[in-house]
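Beneath this line is the structure, given in structure tokens, with notes to follow.
The values are calculated or read from the model by the stated rules, or taken from the named source; none is laboratory data. Here the structure is a predicted model, which means the values were calculated and not measured. Heads up, the Cβs are rebuilt from the backbone with ideal geometry, glycines too, and the neighbour counts pull from every protein chain shown. Only protein heavy atoms, including side chains, enter the accessible area calculation; ligands, DNA and RNA are left aside. Shrake-Rupley method; radii C 1.70, N 1.55, O 1.52, S 1.80 Å.
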Amino acid sequence: PLADGGNLLPLGHIWVAPAEAVSAAAPIARFGDGIALLAADFAGDGALHLRWRADAPVNANLTMFVHYLDATGQMIGQGDGAPYGNLYPPAAWLPGQVVEDLRPLPATLAAESVATVRVGVYDPARGARLPAQAADGTPLTDGSFEISP
């Protein structure tokens, strides 16, 4: 068996560039020393569309989180993992590459029950969130960027 206990052996990564260059947007939030959140938009079906960028090589096994909160601030759902169904972790991103991350609304939630969504990045090995800051450099509470649908 392999180190992960399974039968898969990663041999590397293949990067596929978009047909058209994506404009270099200014981040709306930053996490740690090199992960930028460029945009966060909601689709008509309640799905969350995130755009990330690594500004430098990421040398840690990091995971994104999406927490759905109700009007009282209670978490009513969540979705942790890397983009593309947890198949494209930040350690595989090319610096400067824009990574699209579509997060469907969990099937157990109705879009109208979600008052706020919080997005962030954490290190699962340490159980610690990366420090976060808004575009203007202001530290963000609890290492998360808040979005309203």
**Report entry** Debye intensity ratio in log₁₀ form over the Cα atoms of the stretch 29-146, taken at each q of 0.11 Å⁻¹
**Finding:** -0.33
Query raised in the report: Exactly which trypsin sites (Lys or Arg not before Pro) in the stretch 101-149 are in a DSSP loop and have at most 16 other Cβ atoms within 10 Å?
Result: 126
**Report entry** Sequence of 84, 68 from largest to smallest accessible area, 1.4 Å probe
**Finding:** 84, 68
Requested in this report: Quote to one decimal, in nm, the extra length available between residue 42 and residue 26 on full extension: 0.36 nm per residue of separation minus the C-alpha distance between them.
Outcome: 3.9 nm
Report task. Beyond 19 Å, what share of the Cα-Cα pairs of the stretch 25-92 is found? Please give it as a whole percent. Result -> 40
